[in-house]
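Q: Attaching a single structure in structure tokens format; questions to follow.
The values are calculated or read from the model by the stated rules, or taken from the named source; none is laboratory data. Source: prediction; values computed, not measured. So basically every Cβ, Gly included, is an ideal-geometry build from the backbone, and we count neighbours across all protein chains shown. Side chains are part of the model used for accessible areas, which takes the heavy atoms of the whole protein and leaves out ligands, DNA and RNA. Shrake-Rupley method; radii C 1.70, N 1.55, O 1.52, S 1.80 Å.
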Amino acid sequence: MELPLPSEVVAAVTRADGTWLGTAFFVGPTTALTCAHVVGDLATADLRLQPVLGADLVAVDDVVRRPASDLARIEVTPETGAWLPLRSSWSPGTAVVSHGFSTKYPRTRFPYGHPMDRTEISGEVDVEWKEARSRVLRLGPSNADAGFSGGPLVDVESGAVVGVLRFRLAEEGGTYAIPASTVLDQWPDLATLGDVVGNPFRRAWRAFDPGRLHAVVVDAEAGAASSDHLSDTVRELFS
């Protein structure tokens, strides 16, 4: 399965008047992630998302903040056209890219954001953030700047999100990101790479909404001889 590009899943986080605050990205049809410091203490009614694939500002239904991890989960009503799964595994030297809405690049010239040049994950470090200590991914030098916070850190090889961009220290030449494992610790219901490209029945179960459906229909077509049984398929669907 081919995953969308980072530039297709990002959205500008804005005030109600359209002023850019930072970057978010979709991890589900109606769910986006960003940094808690991007949305700050703004009321839900004062926040909007401007998806790259959308023409209009999208009203925000709900924001769940995790200040200690500097994460925020945003829920919207209309479904987005593209989103990316998370992946908690990585290794030093993993090549990564991103896309964001930086104040360094004028909105008039870059209305759909700007790419972060390819760089690599060098390792993990502990940092102090607003009187809390957390472990983050350290990247090599990059052109990420103010406004890229909340953007997706995408593994070039798998196409999945391995982190959330957080800040850059120009004097050190490094960029830092919140690991996807930290995101999944907070919200284990979010889709991972294994859910998307792995078992199709588990993907179906994740999408199942008992409030909207009254039955699960399992279809089968006769074909080459198989040792699979319908009972095994149904059991796997509900596992």
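Q: How many angstrom separate the Cα center of the stretch 101-144 from the Cα center of the stretch 45-81?
A: Cα centroid to Cα centroid, the span is 19 Å.
Q: Taking the square root of 5 times each eigenvalue of the Cα gyration tensor, what semi-axes in Å does the equivalent ellipsoid of the stretch 55-111 have, largest first?
A: Values: eigenvalues 113, 84, 40 Å².
For the stretch 55-111, the ellipsoid semi-axes come out as 24, 20, 14 Å.
Q: Now, a different point. Please give the per residue accessible area of the stretch 1-150, computed with a probe of 1.4 Å over protein heavy atoms only, in Å².
A: 47 Å²
Q: Leaving ligands, DNA and RNA out of it, rank Y176, Y112 by accessible area with a 1.4 Å probe, largest first.
A: Details: Y176 10, Y112 140 Å².
Most to least solvent-accessible, the answer reads Y112, Y176.
Q: To continue, here is another question. What does the charge count around L47 come to, taking other residues whose C-beta lies under 15 Å from its C-beta (Lys +1, Arg +1, Asp -1, Glu -1)?
A: Within the 15 Å Cβ shell, the charges total -3.
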